[in-house]
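Report on the structure given below.
What follows draws every value from the coordinates through simple rules; no lab data is involved. Nothing here was measured: the structure is a model prediction, and the numbers come from that model. A quick note on method: Cβ atoms are made from the backbone with ideal geometry, for glycine too, and the neighbour counts reach across all protein chains shown.
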Amino acid sequence: MILARDQWGPFAEGIDPAEQRARLRSLRALARIYAGPRAAEACRLLAQAETDPAALEPASVALNRLAPTDRRNVLASYARLSSSV
């Protein structure tokens, strides 16, 4: 189960499946840009979660395991991207 503190973006409950896929793709692109190969596991799980809801929790965990600077860059950029809409 995804912790309450991690229910944001593509991990939020009750969002439309198409919107969730879009959020997963955006987050994966940012992880790839900011962390490159260091985010390979997170990127793989984010891609898998587009079609397999069981991969959402492992993807969230993998994002939380990124090095602090990588995680901060990814989350900050995602927040800026999400709030500009």
* Structure fact -> From fewest to most C-beta neighbours within 10 Å, the residues L81, L63, L24, L56 line up as L81, L56, L24, L63
* Exactly which trypsin sites (Lys or Arg not before Pro) in the chain are in a DSSP loop and have at most 13 other Cβ atoms within 10 Å? -> R65
* Asked: Once the Cα gyration tensor of segment 1-80 is diagonalised, what are the square roots of 5 times its eigenvalues, in whole Å and ordered largest first, as equivalent ellipsoid semi-axes?
  -> 18, 13, 12
* **Cleavage-rule hits (GluC sites (Glu not before Pro)) in segment 12-85: DSSP loop, at most 12 neighbouring Cβ within 10 angstrom** => E13
* **Distance in nm between pseudo-label sites at R38 and E13 (7 Å out along the Cβ direction from Cα)** => 3.3
* **Theoretical gain in end-to-end length, E57 to R5 [0.36 nm per residue, Cα-Cα removed]** => 17.5 nm
* Asked: Listing S83, S26, S60 from the residue with the fewest other Cβ atoms within 10 Å to the one with the most, what is the order?
  -> S83, S26, S60
* Asked: What ranking of D6, D16, D52 emerges when the number of other C-beta atoms within 10 Å of each C-beta is taken as an exposure proxy, fewest first?
  -> D16, D52, D6
